[in-house]
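Okay, structure first, notes after.
The values are calculated or read from the model by the stated rules, or taken from the named source; none is laboratory data. Keep in mind it's a predicted model, so treat the numbers as computed, not measured. With ideal geometry, Cβ positions are generated from the backbone for all residues, glycine too; neighbour counts draw on all protein chains shown.
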Amino acid sequence: MVPVGDVVHALLTASDPVHPIVDARVVRTVVAALVGAALALAGAGLQGLSRNPLADPGLLGINAGAATAVVIGISWFGLGSRSSFVVAALLGAAAAAVLVQLLATAGRQGATPAALVLAGAATTAVLTSVMTTVLLSDSETMDVFRYWSVGSVGGRSWGSVVAVLPLLVIGALVLLGRARTLNALAIGDDAARGLGGSLVRDRLLVGLGVVLLCGAATALAGPIAFVGLMVPHGLRMLGVVDYTVLLPASLLGGAALVLLADTLGRVLAPPTEVQVGVMTALVGVPVFVWVVRRGREVAL
């Protein structure tokens with residue numbers, strides 16, 4: 001075991017031979033925690049906003065929208081800076097969220113949980129096809145984003161973290177500040193109106209928080225699915241249903257889940273590495289099937 005003092009010295013002393021290694025490990029840990037916290041918090045907020053137990057940024061196409069926008073921006077418009085990636089990801093996430101909502105509400109029964117999931121699956125499939133086509137036709141973009149597109153927290157820099165951190169903080173504060181609104185929405189729109197204020201404004205603010213978190217997280221680590229589904233459901237199984245507790249607990253639980261997935265991905269099949277997006281999908285698909293079989297009427 002390496003003494004803590006040696007680790008601190010290597011991290012703070014640029015001339016130390018192991019400084020780059022330690023620094024990379026610290027950045028990777030910070031990225032994993034931030035991305036996991038953002039996606040889980042966004043998932044909890046999205047489930048409360050839509051009253052849909054299957055709502056997840058990955059399942060509803062929001063992450064795919066962000067990823068596709070970044071890839072198109074690089075290939076077609078020559079985007080190269082981290083800040084431009086973030087802007088593209090936010091625009092793509094917002095566009096995908098609006099598209100899924102429009103598709104889901106087009107049916108006679110409106111935006112039911114099943115309609116949202118089907119609309120999200122269709123949107124994700126189309127966007128993934130577009131992204132794959134662009135990547136296959138542009139070798140340079142493919143080289144840059146081959147590692148990123150499966151969802152990875154490795155190979156990032158402090159500059160990448162700094163670029164998205166303000167958006168992550170703002171998105172988290174917006175959602176955490178709407179916990180009581182989400183509690184009321186879980187009961188019904190009438191209860192939410194009874195609290196006063198504008199229901200439309202509150203929904204827009206929650207949606208804004210979700211888009212900021214998902215867009216920034218995807219710009220930083222690529223599309224990582226199922227974190228926003230697994231963490232809130234795990235907490236609800238433990239009896240946590242009050243959004244004033246569920247939201248901060250999801251934030252912490254998401255950070256822990258992605259850190260665990262990244263650690264397992266690095267130790268399960270050495271010397272190769274399983275990306276964190278693959279690890280969360282391996283666990284998330286059975287969870288998704290379980291939630292569907294459990295029934296659509298899950299108390300939120």
Among (1) part of a loop (DSSP other than H, G, I, E, B); (2) of a type outside the set (D, E, K, R); (3) within 20 Å of Asn52 (Cβ to Cβ), the one test that Gly239 misses: (3)
Residue in the stretch 30-47 that is at pLDDT below 85, buried (at least 17 other Cβ atoms within 10 Å of the Cβ) and not polar (S, T, N, Q) present: no
Every pair of residues 6+ apart whose Cβ atoms lie under 8 Å, when the first sits in the stretch 244-272 and is more than 18 Å from Gly171 (Cβ to Cβ) and touching a residue at least 60 places away in the same chain (Cβ under 8 Å) while the second is of a type in the set (D, E, K, R) and buried (at least 18 other Cβ atoms within 10 Å of the Cβ): Asp262/Arg28
Among the residues listed as Ala94, Ala66, the single one being under 15 Å from the mean Cα position of the chain (by Cα), part of a helix (DSSP H, G or I), aliphatic (A, V, I, L, M) and surrounded by fewer than 24 Cβ atoms within 10 Å (Cβ to Cβ): Ala94
Lone qualifier among Val278, Val210, Val227 - being out of contact with any Lys or Arg (no Cβ under 8 Å at 6 or more places or on another chain), β-branched (Val, Ile, Thr), more than 20 Å from Val164 (Cβ to Cβ) and in contact (Cβ under 8 Å) with a residue 24 or more places away in the chain: Val278
Top-ranked residue of the stretch 265-283 - restricted to ones that are of a type in the set (Gly, Ala, Ser) and modelled with pLDDT of 80 or more, ranked as farthest from Arg28 (Cα to Cα): Ala281
Members of the stretch 81-126 that are farther than 16 Å from Ala216 by Cα and small (Gly, Ala, Ser): Ala104, Ala106, Gly107, Gly110, Ala111, Ala114, Ala115, Ala119, Gly120, Ala121, Ala122, Ala125
Test for Val227: is it surrounded by 14 or more Cβ atoms within 10 Å (Cβ to Cβ), more than 23 Å from Gly155 (Cα to Cα) and not basic (Lys, Arg): no
Matching residues, the stretch 234-263, being over 26 Å from Leu220 (Cα atoms) and of a type in the set (Asp, Glu): Asp242
Unmet requirement for Asp190, which otherwise passes all of (1) modelled with pLDDT under 90; (2) outside any helix (DSSP H, G or I): (2)
Residues (over 21 Å from Leu199 (Cβ atoms) and polar (S, T, N, Q)) located in the stretch 35-67: Asn63
Selection within the stretch 230-263 - within 14 Å of Gly45 (Cβ to Cβ), of a type in the set (Ser, Thr, Tyr) and surrounded by fewer than 24 Cβ atoms within 10 Å (Cβ to Cβ): Thr244
Number of positions in the stretch 193-232 that are among the aromatic types (Phe, Trp, Tyr) and at pLDDT below 75: 0
Residue match in the stretch 81-88 (condition: free of Cβ contacts under 8 Å to residues at least 40 places away in the same chain and assigned to a loop (DSSP other than H, G, I, E, B)): yes
In the stretch 264-274, the residues that are touching a helix residue (DSSP H, G or I) at 6+ places or on another chain (Cβ under 9 Å) and surrounded by fewer than 20 Cβ atoms within 10 Å (Cβ to Cβ): Leu264, Leu268, Glu273, Val274
Every residue from the stretch 11-29 that is modelled with pLDDT under 80 and surrounded by 19 or more Cβ atoms within 10 Å (Cβ to Cβ): Val22
